[in-house]
Amino acid sequence: MNLWEVSFRTQYEYPFIEMSGRFPGTSMSLWCIWNRELLQIPTQNKPMLDAVEKELKKGGWIIEKWGDDHGGRTFFLNDTCAKWKSIWNIVEPHECLLAPPAVFADGWCYSRVLSFEESATRAMFKELQANGRTELISKRELPLSVLPSNVWVHSLFSDLTAKQSDALLNAHRLGYYSSPRKVGTEDVAKSSGVSRSTYEEHLRKAENRVMDALIPYLQLYAQGQKTPETLPLKGTAVEAPDAAA
């Protein structure tokens, strides 16, 4: 049995693809879970965020929204898959696994898919091309040992630099995250051979990027813990306080 990782981008009639084309230069990350979706827009461009939010409200999709410390916004949405053909609608019938999130940027949907069958991959691409323009970015064979842990690794850690990764790993190895804490940043910096200020800069950036990547999953988990009666009915747009305010 072979395992293939296939990355591609595609264009077809789908709200988030079209929306990203109207707001170039900013990526939108989408997570799908059952009949809900999570859309994360990590930008400080408030006029653009307001315009996107206006479109989401017009469609009646918003259930809840959050702001973050960096000025971005995350929207918890009603499902769009039932009305429009999402990338999940295309990928999953071909027994391929979409590694979230799907990323929309400049009028394209960027996706990474895992497939066990070459024939399934070809069939998936045939359907993608029937819907619109599709371009292969990369294809590589992976060892089966990467499953299941490596499916989500790229999504969580791809924004980290090598120095930031090392800063996090060294802090954990030396007990910085133990309770009670075993060492301070000065100790970890010394063991890493850099100044305290340099080390703390790498560590804080790493922590911020990891948290930014984890928050959508945590928000989905937190929403999933609510009982069904506490969730708004599908199709009902609910205004929530702007956490960024």
Inset, instruction - Just tell me which aspartates and glutamates come within less than 19 Å, Cα to Cα, of LYS57; anything on the same chain fewer than 8 places away is out. - result: GLU18, GLU37, ASP79, GLU239, ASP242
Inset, instruction - Give me the lysines in straight-line cross-link reach of LYS58: C-alpha distance below 22 Å, same-chain residues under 8 apart excluded. - result: LYS46, LYS83, LYS85, LYS234
Legend entry - Solvent-accessible area of ILE33 with every protein chain in place, 1.4 Å probe, in Å² to the nearest 10: 50 Å²
Inset, instruction - Give the cross-link partners of LYS190 among the aspartates and glutamates, using a straight C-alpha distance below 12 Å as the criterion and excluding same-chain residues fewer than 8 apart. - result: GLU200
Inset, instruction - Give me the accessible area of PHE125, 1.4 Å probe, in Å² rounded to the nearest 10. - result: 30 Å²
Inset, instruction - Leaving ligands, DNA and RNA out of it, rank CYS96, CYS32 by accessible area with a 1.4 Å probe, largest first. - result: CYS32, CYS96
Inset, instruction - Taking all protein chains together and a probe of 1.4 Å, list LYS126, LYS85, LYS46, LYS190 from the most accessible to the least accessible. - result: LYS190, LYS126, LYS46, LYS85
Inset, instruction - Taking amide H positions as placed in the peptide plane 1.01 Å from N, state which residues far from GLY107 in sequence (5 or more) or on other chains have amide H under 5 Å from it. - result: SER20, GLY21
Inset, instruction - Considering only protein heavy atoms, with the full assembly of protein chains and a 1.4 angstrom probe, order ASP50, ASP187 by accessible area, largest first. - result: ASP187, ASP50
Inset, instruction - Compute the accessible area per residue over the range 1-63, keeping the other protein chains in place, probe 1.4 Å, unit Å². - result: 45 Å²
Legend entry - Equivalent ellipsoid dimensions for the range 88-209 as semi-axes, Å, which come from the Cα gyration tensor, largest first: 41, 16, 11
Legend entry - Three principal axis lengths of the range 1-113 [C-alpha, angstrom, descending]: 48, 26, 26
Legend entry - Given LYS139/LYS163; LYS163/LYS205; LYS65/LYS205, the pairs whose alpha carbons are separated by over 22 Å: LYS139/LYS163; LYS65/LYS205
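The values are calculated or read from the model by the stated rules, or taken from the named source; none is laboratory data. Because the structure is a prediction, the values reported are computed rather than measured. With ligands, DNA and RNA removed, areas are computed over all heavy atoms of the protein, side chains included. Shrake-Rupley method; radii C 1.70, N 1.55, O 1.52, S 1.80 Å.
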